[in-house]
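K.L.:
Once you've had a glance at the structure underneath, I'll fire off some questions.
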Amino acid sequence: MRTLTAGLLALATLLLISAALPKTGPVPEENPIREAAEPKSNEKDDATEKNAEAQKSDSDDAEKTSDETKPDEQATPKSPPPPPVEKEDPAAYAACISDLKAIGAAFTEKERIDDGNGCGIDKPIEVTAILPGVKIEPAATLRCEAALALAHWTRDTVIPMSEKAFPKAGRLTSLSQASSYICRNRNSAATGKLSEHARGNAIDIATFKFEGGKTLSVEPRGKDSTFDGAFQRSVREAACLDFTTVLGPPSDDAHRTHLHLDVIKRRGGFRYCW
């Protein structure tokens, strides 16, 4: 009897212990720091896919821009507008006209010239004779300032030098000009700076003619020791007293057959004579 009772007590104790135990083992908690720092596997896949799509979109946009933007459609810097035709100072122009009349030049005042691209003369004059009895052939269209410089040079240099060099040739009767006003670049180049001819500041003298029939054409003469050579060198060198630019033989090939004379204004009153 006692043995049965002890066995029943042992069995009851065993059943109570078994009921108190958990049916499964403990489940470990996830690390909250790792969870915040690392997305779960499916989130990683989503982020990678979105990044790939964004990169592909940027690449497609770049290719599209490159393909659709043609060289002639790209923005290019615009050239500066040409300078306007320079306005004459009324007082200076009136004084110049007065001096030109006093020296005996024959000329006609013309309408304003504006040929675009900076070419033109505000108050042009057409000169037919630079001094009494000394024609300009053909008539030259110039600014008054350039015409007056030509008159002074002819009166003070060309005529005295010709009388010394060619005493039997008679008086000077004409200056043949190769170019006065014309809209072009320097040396007639396709590009580059505008010529002073395009502003009415320049004239090219090609030939000197005398009453007795003598004609002296400008040409390369080097150290020609004849009176022709001495006369040409003398009038070319002295022209820098009246003009700010003097070019001719032996300046360059573009000035082999004439004297280029102009009155361009330079800083400090600089003159270029060659």
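The values are calculated or read from the model by the stated rules, or taken from the named source; none is laboratory data. All values reported here derive from a predicted model rather than from experimental measurement. Cβ sites come from the backbone with ideal geometry, for glycine too, and all protein chains shown count toward neighbours. With ligands, DNA and RNA removed, areas are computed over all heavy atoms of the protein, side chains included. Shrake-Rupley method; radii C 1.70, N 1.55, O 1.52, S 1.80 Å.
K.L.:
Among 110, 164, 123, which is the only one that is farther than 20 Å from residue 183 by Cα, open to solvent by 60 Å² or more (accessible area, probe 1.4 Å) and of a type in the set (Lys, Arg)?
P.N.:
Details: 110 fails: farther than 20 Å from residue 183 by Cα; 123 fails: farther than 20 Å from residue 183 by Cα.
Answer to the selection: 164.
K.L.:
Tell me yes or no: at least one residue of region 242-255 is modelled with pLDDT of 95 or more, of a type outside the set (D, E, K, R), within 17 Å of residue 147 (Cα to Cα) and buried (at least 22 other Cβ atoms within 10 Å of the Cβ).
P.N.:
Within region 242-255, one or more residues are modelled with pLDDT of 95 or more, of a type outside the set (D, E, K, R), within 17 Å of residue 147 (Cα to Cα) and buried (at least 22 other Cβ atoms within 10 Å of the Cβ).
K.L.:
Still on this model: Which ones in region 169-201 are crowded, with 16+ Cβ neighbours inside 10 Å, among the small types (Gly, Ala, Ser) and in contact with a helix residue (DSSP H, G or I) (Cβ under 8 Å, 6 or more places away or on another chain)?
P.N.:
Residues satisfying the conditions are 169, 179, 180, 195, 200.
K.L.:
Would you confirm whether any residue within region 220-241 is open to solvent by 20 Å² or more (accessible area, probe 1.4 Å), small (Gly, Ala, Ser), on the phi > 0 side of the Ramachandran plot and touching a residue at least 24 places away in the same chain (Cβ under 8 Å)?
P.N.:
Yes, that holds for at least one residue.
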